[in-house]
1. Taking the condition of being among the basic types (Lys, Arg) and touching a Phe, Trp or Tyr at 6+ places or on another chain (Cβ under 7 Å), how many residues in segment 37-83 meet it?
2. What single numbered condition from (1) surrounded by fewer than 11 Cβ atoms within 10 Å (Cβ to Cβ); (2) over 15 Å from the mean Cα position of the chain (by Cα) fails to hold for Ser20?
3. Just to be sure before I move on: is Gly46 surrounded by fewer than 16 Cβ atoms within 10 Å (Cβ to Cβ) and of a type outside the set (S, T, N, Q) in the structure I sent?
4. Looking at the structure I just gave you, is Lys87 of a type outside the set (Gly, Ala, Ser), out of contact with any Asp or Glu (no Cβ under 7 Å at 6 or more places or on another chain), surrounded by fewer than 13 Cβ atoms within 10 Å (Cβ to Cβ) and modelled with pLDDT of 90 or more?
5. Before we move on, is Lys71 surrounded by 14 or more Cβ atoms within 10 Å (Cβ to Cβ), among the basic types (Lys, Arg) and within 17 Å of Lys17 (Cβ to Cβ)?
6. Just to be sure I understand, how many residues within segment 26-83 are touching a strand residue (DSSP E or B) at 6+ places or on another chain (Cβ under 6 Å), at pLDDT 85 or above and in a loop (DSSP other than H, G, I, E, B)?
Amino acid sequence: MKQRNTIAVFRSIRSIKQKSGISNQEVLLAATKTAAECLDRQNQIGTIELGKLADMLVLKADPLLDIGIFKDQSNIQHVIQGGQVLK
């Protein structure tokens, strides 16, 4: 994953968190499941389910405990895009 994409993802997540005051879990749901529903693509993306497209990050730490882990690209252990492991 390119560093600028990582920074953009972190800034979006941080912005949602700061502006709304919601929990880390709610931020992650807003960025995934709820976003897919808003795009009317919940049958294809947004959650980890059999048959859905798999784009996800495997992190070295728990974002539920510290949403800031997205800021540092070294916290990304694996990148999965289109069901393929890229890193």
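1. Selection size over segment 37-83: 1.
2. It is condition (1) that Ser20 fails.
3. No.
4. No; evaluated as a whole, the condition is false for this residue.
5. Answer is yes for this residue.
6. Final tally of qualifying residues: 1.
The values are calculated or read from the model by the stated rules, or taken from the named source; none is laboratory data. Source: prediction; values computed, not measured. Glycine also receives a Cβ, built like all others from the backbone with ideal geometry; neighbour counts cover every protein chain displayed.
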